[in-house]
1. Out of (1) of a type in the set (Lys, Arg); (2) surrounded by fewer than 19 Cβ atoms within 10 Å (Cβ to Cβ); (3) closer than 16 Å to GLY269 by Cβ, what's the single condition that is false for ARG73?
2. Here are the criteria: (1) away from the ligand (no atom under 16 Å from the Cβ); (2) under 22 Å from the mean Cα position of the chain (by Cα); (3) open to solvent by less than 10 Å² (accessible area, probe 1.4 Å). Tell me which single one THR113 does not satisfy.
3. Any residue at all in the range 22-32 that's more than 24 Å from the chain's Cα centre (by Cα), open to solvent by less than 80 Å² (accessible area, probe 1.4 Å) and under 30 Å from GLU131 (Cβ atoms)?
4. What number of residues within the range 555-575 satisfy the criterion of being open to solvent by 100 Å² or more (accessible area, probe 1.4 Å) and not in a helix (DSSP H, G or I)?
5. Evaluate the following for GLU339: is it farther than 20 Å from ARG105 by Cα, open to solvent by 50 Å² or more (accessible area, probe 1.4 Å) and in contact with a strand residue (DSSP E or B) (Cβ under 8 Å, 6 or more places away or on another chain)?
6. Residues LYS453, LYS440, LYS498: which one is at pLDDT 85 or above, of a type in the set (Lys, Arg) and surrounded by 15 or more Cβ atoms within 10 Å (Cβ to Cβ)?
7. Does LYS348 satisfy the condition of being in contact with an Asp or Glu (Cβ under 6 Å, 6 or more places away or on another chain) and not aliphatic (A, V, I, L, M)?
8. Can you work out which of the residues in the range 116-136 that are of a type outside the set (Ser, Thr, Tyr) and within 16 Å of the ligand (Cβ to nearest atom) is nearest to VAL261 (Cα to Cα)?
Amino acid sequence: MPDKLATSFMRSLCMGQIEQDVIFPFPTLKNDQKEILHEVADALDSLLGPREEDFREWDVAGEMPAEFIQELREFGLFGLIIPEAYGGMALGNMAYSRTLQEVGRYDASVAVTIGAHSSIGMRGLLLFGSEEQKSRYLPELATGEMIAAFCLTEAGAGSDAAAIKTTAVKNGDHWILNGSKLWITNGGMASFYTVFARTGEKDGRGKMTAFIVTSDMQGVSFGPHEDKMGLRASSTTTVNLDEVSVPAENVLGEVGKGFKVAMQVLNSGRTGLGGGSVGGMKRLIGLATKQANERRTFGQPIASYGLIKEKVGRMIIDCYTSEAVVSMVGGLIDGGYEEYAVEAAISKVYATECLSHTADEALQIAGGNGFMREYPYERIVRDSRINRIFEGTNEILRLFIALTAMNDVASQLKELSASMKDVLNDPIKGFGVLSDYARKHAQLRTGIGGTAKFQNLHPAIQASAESFENETRYLAQATDRILRKHGKNIIGKQFATKRLAEIMIDLFVLACTLSRVQASIDANGVEKAAKEIDILQMFTREAQVRMKQNFRRIDNNDDEPLKALAEDAFEVERFRWDTI
Ligand SMILES: Cc1cc2nc3c(=O)[nH]c(=O)nc-3n(C[C@H](O)[C@H](O)[C@H](O)COP(=O)(O)OP(=O)(O)OC[C@H]3O[C@@H](n4cnc5c(N)ncnc54)[C@H](O)[C@@H]3O)c2cc1C
C-alpha cells in the first residue's frame with residue numbers, strides 16, 4: 001500500500017491510476033481558519049476598499065508611500081503564515097492563498113508586496129530554518145518590522161537559476177558573498193533577504209547554498225526602483241552584495257543544497273500567486289458585468305448581446321475552475337502531502353493564464369474606456385502580465401510538468417521491458433511480476449480489463465467523470481507514444497512535451513472541478529448546484545476537444561516546418577516578405 005501522503009494525483013494519473021482519495025472530498029477551511037479569514041477580509045475591506053484612487057496615483061508615481069506600508073504592518077499582513085508562537089496568524093496554505101485573493105481584488109502591487117514577503121521572501125526560513133534562526137527572525141518578520149525578499153535572479157540567470165554567479169567563499173566561521181541580484185521584489189524596503197550563492201561547482205554549474213542576509217550587514221545595498229510596465233507601486237530593485245560577511249549560522253538548510261531550498265520555496269509559494277489571480281478575476285467579473293449593464297449601444301445595454309455574454313460566461317468558467325485548482329493545491333499542502341510540485345505548477349500556469357484572458361476581455365467590454373488610465377482595466381492588464389513570467393515562467397513550468405510525468409513513466413518502462421523478458425522466459429512467473437504500470441498500461445492501451453474509475457460520484461456529474469476517465473487513457477497513451485518516439489531525445493522535443501503538459505493541465509483542472517462540484521452537490525443539493533454542474537460540463541466539453549487535438553497532433557503536426565520558419569528568421573533577424 002503506497003503512503004498516501006507521498007502520492008501525487010497527477011504523477012499517479014500518468015501511471016493510469018486515479019487516486020480519488022487525494023482530491024476528494026474537496027478541501028475546506030477549518031472553522032478556526034475560517035473565522036480568522038472573515039476578520040482579515042473585513043479588515044481588508046476597510047483598509048483597501050476606500051483606496052481605489054490612491055492605488056491609481058501610486059501606479060502613476062511608481063511608488064507606495066511609507067505610511068501605507070506602515071498600515072499594512074499594523075493590520076498584521078506580514079505575519080499571515082508565521083506560527084502564533086512567533087506572533088503570526090498561523091494561516092494554512094489555503095487560508096493564505098484566500099487572503100491574497102482578497103488583497104488581489106483591490107490592488108496587485110499590494111498583493112505582490114505581501115506575497116513576496118510570505119510566499120517566497122521568508123518561506124525558506126519557515127521550511128528550512130533551525131529553531132535558533134526562527135526565534136531570531138520570525139518575531140520581527142511577523143510584525144513587518146523586517147520585510148523579506150527572495151534573491152535568486154541575476155542578469156545571466158533567470159529561468160536557468162543554476163547559472164547564478166554570486167559567490168559565497170568560506171572564511172573562518174563566515175561566508176563572504178559577492179554578486180548582484182536583479183529585479184528583487186521588496187528589494188528597496190526589505191531588511192531580510194534569502195540569498196542564493198554559488199558555493200561550489202557541479203558539472204561546471206553552480207552548486208548553490210541559501211543564506212539569510214540582513215540589510216544591516218556591511219556591503220548590502222540596493223539600486224533604484226525599476227520603471228516597470230505593471231506592479232508599478234511595488235518595490236523592484238537590484239540587491240548588491242559587496243564583500244558581505246555572513247556568519248556561518250545564517251546558512252539556510254544544508255551547504256550545497258540551495259537549489260532544493262529555492263525550488264521548494266517556489267513550489268509551496270505558488271498558491272499565493274494563484275490566489276491573487278483568482279482575486280483579480282473576481283474583481284474583473286464585477287467590473288465587467290456592471291459596465292455591460294450600464295453601457296448602451298443601439299438602444300440596448302451591451303449586456304444583452306451574445307458576444308458580450310460569451311465573454312462573461314467564459315470569465316466565470318475560468319474563475320470557478322481556477323479557484324478549484326488553487327484551493328485544491330492549498331488543501332493538499334495543508335493536508336501534509338509531500339508530492340504536490342506538478343499540481344502546484346499546473347495551478348500557477350492555469351490561474352495566471354485565465355487571469356490574463358479575463359483582464360483582456362474585461363478591457364474589451366469596456367471599449368475605449370478600457371484603454372483610458374482613468375479606468376482600472378488597463379492597469380489590471382499591465383499588472384497581471386508579469387504573473388506568466390515570474391516565480392517560474394509558464395514555459396518552464398510546462399516543461400517541468402510534462403518532463404516529471406515522462407521521467408516517472410520512463411523508469412516504469414525500464415521495469416516493463418524487464419518484466420516482459422520474464423513473461424517470455426517463464427510466462428507463469430512472468431505475469432506475476434508484471435509491474436502495476438505494465439498491467440495498467442496494457443489495459444489502457446488495449447482497453448481490455450477496464451480503466452481506472454471514479455467511485456460514488458453524483459449521477460449529475462457522471463458524464464464528466466467518464467470523460468475524465470476516457471481522456472486519462474489519452475494521457476497514458478500520449479506519454480507512452482512520445483517516449484517511445486523520442487526516447488532520450490525528449491529533452492529537446494519541446495513541441496511534443498508541451499502537448500503532454502496541456503493534456504495534464506486540462507485533466508487536473510477537470511479533476512479539481514469535479515471535486516468542487518461534487519462538494520457543492522453534497523452541501524446544497526443538486527438543484528442549487530445546477531449552474532456549477534453547467535460550468536463543469538462546459539469545461540469538460542472544451543477540455544475534451546483540446547485534449548483530442550493535442551493527442552492527434554503528436555504524430556500529425558506542423559512542428560518541423562514551423563521550427564524551420566523560426567530558424568530561418570533567427571538567421572536573418574527580420575521578416576522576409578516585406579512588400580515594399
Ligand atoms: C517585476 C518582477 C519581479 C521579480 N521578482 C523577483 C524576485 O523577487 N526574486 C527573484 O529572484 N526574481 C524575481 N524576478 C525575476 C523573475 O523570476 C525572472 O524574470 C524569471 O524567472 C524569468 O527569467 P528571465 O527574465 O531571465 O527570462 P529568461 O530565463 O531569459 O527567459 C526568456 C524567455 O525564454 C523562455 N525560456 C527560457 N529557457 C527556456 C527553455 N529551456 N525552454 C523554453 N523556453 C525557455 C522563458 O520562458 C522566457 O519566455 C522578478 C522579475 C520581474 C520582472
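1. Exception for ARG73: condition (3).
2. Single failed check for THR113: (1).
3. Checked against the condition, which is being more than 24 Å from the chain's Cα centre (by Cα), open to solvent by less than 80 Å² (accessible area, probe 1.4 Å) and under 30 Å from GLU131 (Cβ atoms), the range 22-32 yields no hits at all.
4. The qualifying residues number 4.
5. For GLU339, the condition - farther than 20 Å from ARG105 by Cα, open to solvent by 50 Å² or more (accessible area, probe 1.4 Å) and in contact with a strand residue (DSSP E or B) (Cβ under 8 Å, 6 or more places away or on another chain) - is not met.
6. Of the residues listed, the single one that is at pLDDT 85 or above, of a type in the set (Lys, Arg) and surrounded by 15 or more Cβ atoms within 10 Å (Cβ to Cβ) is LYS498.
7. Criteria not met by LYS348.
8. That would be GLY124.
The values are calculated or read from the model by the stated rules, or taken from the named source; none is laboratory data. Bear in mind that the values here come from a model prediction, so they are computed numbers and not experimental data. No Cβ is skipped: glycine too gets one built from the backbone with ideal geometry, and neighbour counts run over all protein chains shown. When the accessible area is computed, the model is the full protein with side chains, heavy atoms only, and any ligands, DNA or RNA have been set aside. Shrake-Rupley method; radii C 1.70, N 1.55, O 1.52, S 1.80 Å.
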